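Enquirer: Take a look at the following structure, please.
None of the figures in this text is laboratory data; all of them are computed from the coordinates on show. Source: prediction; values computed, not measured.
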Amino acid sequence: MMFMVVSRTIHPPAGANPLIMVDHHAGFLSVLNPVGAGVLTLFIVAMVWSRVRPGKKYPINGGRIG
């Protein structure tokens, strides 16, 4: 990470994603599909993992803030 900052380089996936979107003339809403799929996948993995791991449940405070 530090080398990339010093050399002013871009991580390949971070640089390729906008190029692919521009190349395919994708609209702004087309970003929601991969982002939504990633968020949903992370949420499902967190829910399953919290059920498999004994002693802790997700969400921790039952969804209440504070």
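Enquirer: Residue by residue, what Karplus-based ³J(HN,Hα) values in Hz, rounded to whole numbers, does segment 33-47 have, using 6.51, -1.76 and 1.60 with θ = phi - 60° and x for Gly and Pro?
Expert: 5, x, 5, x, 5, x, 5, 4, 4, 4, 5, 5, 4, 5, 5
Enquirer: Stretch VAL48-VAL5 to full length: gain in nm at 0.36 nm per residue minus the Cα-Cα span? Working shown, then result.
Expert: Details: separation 43, 0.36 × 43 = 15.48 nm, distance 3.62 nm.
Once the chain is fully extended between VAL48 and VAL5, it gains 11.9 nm.
Enquirer: Multiply the residue separation of ALA37 and HIS25 by 0.36 nm, subtract the distance between their alpha-carbon atoms, and state the gained length in nm to one decimal.
Expert: Numbers: separation 12, 0.36 × 12 = 4.32 nm, distance 2.06 nm.
Length difference between fully extended and current span is 2.3 nm.
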